[in-house]
Amino acid sequence: MLGIDLETDIAFASDLVDLQRLLSRWKIGWAELWANEAKRQEVAVLAQQWCDRIQDRGELLAS
C-alpha cells in the first residue's frame, strides 16, 4: 500500500480535491451527461487525463 504524506505534498492534495469536485459534478448531472454524446466524449477525455495524471503522480511517489 502506498503511503502519501499530504502535508508535504499540497499540490497533490489540491489535485485530489479538484478531482473530487469534478466527480461530484458528474454524479449530479450524470443523466444529462449520458444523454449527450459530445458531453460523454468530454467526460471520457477528462477521465483519461485524470487517470494518467494520478497514475504518473503515484509512480513518482513510489520511486
In the list R53, R40, R25, which residue meets the criterion of being under 11 Å from the mean Cα position of the chain (by Cα), among the basic types (K, R) and at pLDDT 90 or above? R53
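Among the residues of the stretch 2-15, write down those that are at pLDDT 85 or above and surrounded by fewer than 14 Cβ atoms within 10 Å (Cβ to Cβ).
The answer is S14, and nothing else.
The values are calculated or read from the model by the stated rules, or taken from the named source; none is laboratory data. Just so it is clear, the structure is predicted and the values come from calculations on it, not from any experiment. Because the Cβ atoms are built from the backbone with ideal geometry, glycine has one as well, and the counts that use them run over all protein chains shown.
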